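Heads up: the structure comes next, in structure tokens.
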Amino acid sequence: MGFLDREHSVAGPGWSRWLVPPAALAVHLSIGQIYAYSVFNKPLSRLISGDVKAETGAPGDWSLFQVGLIFSVALFFLGASSALFGKWVEREGPRKTMFASALLFCGGFLIAALGVKLHMLWLVLLGNGVIGGIGLGLGYISPVSTLIKWFPDRPGLATGMAIMGFGGGALIGSPLGTALMARFTGDGTLGVSSTFLIMGTVYFLFMIFGALMVRIPAEGWVPAGYVPKVNAAGGMISNHNVLVDQAFRTPQFWLLFAVLFLNVTAGIGVLGQASVMIQEMFSDRVLGAGNGVTAAAAAGFVGLLSIFNMGGRFFWSTTSDRLGRKPTYMIFFVLGTVLYFLIPLFGNMASLVLFVAGFCVILSMYGGSFATVPAYLRDLFGTANVGAIHGRLLLAWSAAAIAGPTLVNGFRDSQIKAGIPAAQAYSTVMYIMAGLLVIGFIVNLLIRPVASRYWASPPASQPTPPPGQQAADD
């Protein structure tokens with residue numbers, strides 16, 4: 001297994017860095033399946049003692065709330081494992097990390113398949129939630145760290161290419177899971193167990209492809225013609241390295257932690273409730289009998305949001321290479337605040353087009369936030385430990401995954417209990433989300449270059465790669 005070691009994955013002379021993005025996408029498109037996990041919720045909730053309930057819609061042994069915990073646990077362990085194993089990822093390199101991610105993420109499907117067959121929810125939670133979630137964390141940070149090292153001249157483009165795949169994983173995982181369950185519906189588990197087995201196998205092959213293809217640049221390598229910009233973007237792009245333990249002590253890390261938490265809290269709360277929200281705000285009662293948004297149309301709305309979530313990851317991260325990371329986040333917070341204030345107005349106007357357009361822009365910035373933050377970290381802390389630092393920062397995602405849905409669902413329920421119509425129950429929480437983004441704007445405004453006392457290395461002079469070490473570029 002020595003080929004998994006870091007020293008055996010160093011790129012040789014003439015190796016093109018453009019072979020790394022397909023390797024990263026193979027991993028991120030696979031683990032991005034977690035965004036499509038909801039397709040399994042209803043079938044799982046109809047099972048009883050390993051057999052399918054009658055087609056009357058009667059509930060099974062597991063409630064939707066219990067089944068929904070699998071997704072939440074997986075996201076929690078994504079953030080926790082990213083933080084815990086970030087230094088290990090940097091030390092061992094991307095190939096071993098991607099291989100470990102494939103074993104854990106896909107092995108989790110196999111364990112979950114057994115849990116469904118034996119009708120043991122804890123086993124499904126262990127497989128897809130805990131073990132699969134750890135695989136998610138390892139698979140998420142490793143390609144990002146590697147791409148930043150290969151694309152020092154375009155870090156936003158690099159991270160956007162990888163993280164776009166994670167956002168788009170649902171576009172593959174959702175129809176694949178639905179089609180497989182329909183094909184194997186007679187297996188005694190509504191096809192869920194068989195689907196888990198097949199998806200685990202297919203994703204393993206894709207992820208191993210990525211692990212075998214990935215390379216890291218040789219020591220001292222730089223792209224042809226690349227010269228580091230000194231004091232670029234008002235001093236926000238540093239040519240110094242800050243190690244992960246030192247970065248953890250800087251105010252910049254915690255300010256950026258707050259920036260990510262606030263932006264993601266606003267976006268993920270809406271994403272988790274989008275289908276119900278559009279049906280309640282634009283029901284037959286609001287638009288007239290027969291004109292309300294149906295469940296099928298709401299599903300299309302969720303799919304549209306996924307497309308903008310994915311596209312925004314590439315668009316905004318690439319844009320940040322030109323505008324700078326700090327100004328890009330300023331746009332997120334200013335534009336997001338305005339849109340959250342307008343959403344209740346769009347509902348009162350019964351303007352479905354404006355409502356959908358507003359949320360598409362919001363979700364593009366939600367995705368863009370994930371894709372831009374690794375480049376932001378690279379600007380502030382250098383490339384030496386960017387993967388480990390990124391892993392620790394993802395704890396903000398874990399916290400936001402709890403805070404966002406809790407805010408949206410909690411305020412909605414309290415409004416309805418107070419007698420407010422469902423169509424108007426989201427106004428208060430939209431204003432709260434806008435307030436969170438105003439705070440995020442102020443926090444982002446406070447971010448400054450990292451003080452020299454945290455630097456681990458002298459500034460990089462314009463490096464010249466050893467002979468034969470420049471890759472075949474562009």
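Condition first: of a type outside the set (A, V, I, L, M) and closer than 25 Å to residue 400 by Cα. Can you find one or more residues in segment 281-294 that meet it?
No - not one qualifying residue is present in segment 281-294.
Do we have residue 74 as modelled with pLDDT of 95 or more and either over 23 Å from residue 209 (Cβ atoms) or assigned to a helix (DSSP H, G or I) (or both) here?
no
Residue-wise test of (1) surrounded by 19 or more Cβ atoms within 10 Å (Cβ to Cβ); (2) under 30 Å from residue 94 (Cβ atoms); (3) touching a Cys at 6+ places or on another chain (Cβ under 8 Å).
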site	(1), (2), (3)
383	no, yes, no
390	yes, yes, no
394	yes, yes, no
425	yes, no, no
431	no, no, no
435	no, no, no
439	no, no, no
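May I ask you to say which residue of 300, 311 is open to solvent by 40 Å² or more (accessible area, probe 1.4 Å) and out of contact with any Lys or Arg (no Cβ under 8 Å at 6 or more places or on another chain)?
Criteria check complete, one pass: 300.
Restricting to segment 185-208, name every residue that is of a type outside the set (Ser, Thr, Tyr) and open to solvent by 30 Å² or more (accessible area, probe 1.4 Å). Spell out the reasoning first.
Initially, segment 185-208 is screened for residues of a type outside the set (Ser, Thr, Tyr), giving 186-188, 190-192, 196-200, 202, 204-208.
Of everything in segment 185-208, those that are of a type outside the set (Ser, Thr, Tyr) and open to solvent by 30 Å² or more (accessible area, probe 1.4 Å) turn out to be 186, 187, 197, 198, 202, 204, 205, 206, 208.
Report, by residue number, each residue of segment 327-356 that is within 21 Å of the chain's Cα centre (by Cα) and buried (at least 19 other Cβ atoms within 10 Å of the Cβ).
328, 329, 332, 333, 336
Go through segment 137-151 and give me each residue that's over 13 Å from residue 89 (Cα atoms) and part of a helix (DSSP H, G or I).
Answer for segment 137-151, where residues must be over 13 Å from residue 89 (Cα atoms) and part of a helix (DSSP H, G or I): 147, 148, 149, 150.
When you scan segment 261-296, how many residues do you find that are touching a residue at least 40 places away in the same chain (Cβ under 8 Å), of a type outside the set (A, V, I, L, M) and in a loop (DSSP other than H, G, I, E, B)? Show your work before the answer.
Keep residues of segment 261-296 that are touching a residue at least 40 places away in the same chain (Cβ under 8 Å), which gives 261-274, 277-278, 280-283, 285-287, 293.
Applying the additional criterion that residues be of a type outside the set (A, V, I, L, M) yields 261, 263, 265, 267, 269, 272-273, 280, 282-283, 285.
Adding the requirement that they be in a loop (DSSP other than H, G, I, E, B) leaves 282-283.
Residues meeting the conditions: 2.
From the list 182, 112, which residue is in contact with a Gly (Cβ under 9 Å, 6 or more places away or on another chain), crowded, with 24+ Cβ neighbours inside 10 Å and in a helix (DSSP H, G or I)? Please lay out each step first, then the result.
Values: 182 fails: crowded, with 24+ Cβ neighbours inside 10 Å.
It is 112.
Taking interchain pairs and intrachain pairs at least six residues apart, which have beta carbon atoms under 6 angstrom, with the first residue in segment 322-342 and within 22 Å of residue 424 (Cα to Cα) and touching a residue at least 24 places away in the same chain (Cβ under 8 Å) and the second open to solvent by 60 Å² or more (accessible area, probe 1.4 Å) and assigned to a helix (DSSP H, G or I)?
337/438
Residues checked against (1) under 15 Å from the mean Cα position of the chain (by Cα); (2) under 26 Å from residue 340 (Cβ atoms):
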| position | (1), (2) |
| --- | --- |
| 361 | no, yes |
| 374 | yes, yes |
| 381 | no, no |
| 384 | no, no |
| 389 | no, no |
| 397 | yes, yes |
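Given (1) in a helix (DSSP H, G or I); (2) hydrophobic (A, V, I, L, M, F, W, C); (3) over 30 Å from residue 351 (Cβ atoms), identify the lone condition not met by residue 370.
(3)
Kindly evaluate residue 258 against the criterion of being of a type in the set (Gly, Ala, Ser), open to solvent by less than 10 Å² (accessible area, probe 1.4 Å), in contact with a helix residue (DSSP H, G or I) (Cβ under 9 Å, 6 or more places away or on another chain) and in a helix (DSSP H, G or I).
No, not satisfied.
The values are calculated or read from the model by the stated rules, or taken from the named source; none is laboratory data. Keep in mind that this is a model prediction, so the values were computed, not measured. Here Cβ is always computed from backbone atoms with ideal geometry, including for glycine, and neighbour counts include all displayed protein chains. Accessible surface areas use protein heavy atoms only, side chains included; no ligands, DNA or RNA. Shrake-Rupley method; radii C 1.70, N 1.55, O 1.52, S 1.80 Å.
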